[in-house]
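Inspection log for the structure reproduced underneath, given as structure tokens.
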Amino acid sequence: MKNRILELLKFDRESYISGEEICRILGVSRTAVWKHIQVLRDEGYKILSMPSKGYCLTAIPDRLYPEEIMSGLLTKSLGRDVRYFEIVDSTNNKAKELAGFKGLSHEAGLTAAEGMLVIAEEQTGGRGRLGRSWHAPYGKGIWMSVLLRPQVCLEIVYQMTMITAVAVMRAVREVCGIAPEIKWPNDLQYEGKKLCGILTEMSAEADRVNYIVVGIGINTASAGDLIPPQITHQMTSLSEITGKPVSRVKLVQEVLQELEACYDSWLAGGFPELLEEWKSHCNSLNRQVAVKTLHEVYTGWSMDVNSDGALLLKLDNGEIKKFVSGDVS
Ligand code: BTN
């Protein structure tokens, strides 16, 4: 009911709608309408009320509420079930918890369906690749995880990370009008500074995937207050780049739409085209680079990325070495 009242208020943002009309359209009492209006106000919606005119919505809070994300969202399954948290340890952890353990509770019908979105204003234990932490302060970015249940073999799951980088790159270009680059394996960068990180995790049995959780972190607010000072020089944010605030809701919607388009195309065998798009935006290829793994640093010429997403490096001694993880600089 609250969401239906919100829809009526949004229908014509400039003018008032009377309480009586809301009651008539939705078939509820004046008291019920008033209570829902109070809840919306508590959530941060600015709603004017005048005894003779009724209610008028004047401002929508900068929050990633499910009803805002789902309003006008053009997807079939991604983001059709939104689990919103103000504060959570990690949206990836939460998505895995809701996905069920090893697929068992899935069979018992207790688990979340493909497309579920977990999103939070803040993460207290945000995780990055290679066991690193991910700084995710309140309201300063998009911290989201999408649950997927593709029926694919394990070997190609890694491709999902590359596809996600393409989807986020397209979404940022569409909403913010800038063209970020992809740094292998899956960071989005702008002028050499990191804007977005992707952490893909999976649960699988010997020959089948139970689920994949695609975790995406996009820095939207200004870098000054977003990032611990010791790493400011490596990180940036969308508002720092564009000089304007970013509609996080719009960007989440666009990411979901692009991700669904890329995912559907991947399932239909479209990976070669997506890989070409990935490569055309990648700033880590055809150059002299250093690849830092957990134990060593290798230097050489970054020749290509294969269909597993592995980086092929021609070492200074002529040997060709394949990397599936690491940091390239
Ligand atoms: C990286 O660049 O190392 C990957 C960072 C991924 C961060 C996102 S934020 C949402 C999701 N939840 C997490 O705990 N991590 C990912």
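The values are calculated or read from the model by the stated rules, or taken from the named source; none is laboratory data. Predicted model, so just to flag it, every value in this text is computed and none were measured. Because the Cβ atoms are built from the backbone with ideal geometry, glycine has one as well, and the counts that use them run over all protein chains shown. Ligands, DNA and RNA are excluded from the accessible area calculation, which covers all protein heavy atoms including side chains. Shrake-Rupley method; radii C 1.70, N 1.55, O 1.52, S 1.80 Å.
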- Item | Hits in region 291-315 (condition: farther than 24 Å from residue 157 by Cβ and surrounded by 14 or more Cβ atoms within 10 Å (Cβ to Cβ)) | 298, 300, 301, 314
- Test: residue 203 is touching a helix residue (DSSP H, G or I) at 6+ places or on another chain (Cβ under 8 Å), away from the ligand (no atom under 14 Å from the Cβ) and either within 19 Å of residue 84 (Cα to Cα) or modelled with pLDDT under 95 (or both): yes
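Conditions tested, residue by residue: (1) out of contact with any Lys or Arg (no Cβ under 8 Å at 6 or more places or on another chain); (2) surrounded by 23 or more Cβ atoms within 10 Å (Cβ to Cβ); (3) among the β-branched types (Val, Ile, Thr).
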position: 175; (1), (2), (3): no, no, yes
position: 181; (1), (2), (3): yes, no, no
position: 190; (1), (2), (3): yes, no, no
position: 196; (1), (2), (3): yes, yes, no
position: 206; (1), (2), (3): yes, no, no
position: 216; (1), (2), (3): yes, yes, yes
- Task: For region 287-295, indicate whether the set of residues that are polar (S, T, N, Q) and not in a strand (DSSP E or B) is non-empty.
- Result: yes
- Is it true that some residue in region 36-58 is part of a helix (DSSP H, G or I), open to solvent by less than 50 Å² (accessible area, probe 1.4 Å) and in contact with an Asp or Glu (Cβ under 9 Å, 6 or more places away or on another chain)? no
- Among the residues of region 316-329, write down those that are open to solvent by less than 30 Å² (accessible area, probe 1.4 Å) and in a strand (DSSP E or B). 323, 328
- Query: List, please: which pairs have Cβ atoms under 7 Å, are six or more places apart or on different chains, and start with a residue in region 152-178 that is over 29 Å from residue 206 (Cα atoms) and end with one that is open to solvent by 50 Å² or more (accessible area, probe 1.4 Å) and in a helix (DSSP H, G or I)?
  - Reply: 175/250
- Picked from region 121-161 (must be near the ligand (Cβ under 9 Å from one of its atoms) and in a loop (DSSP other than H, G, I, E, B)), the residue most open to solvent (accessible area, probe 1.4 Å) is 132
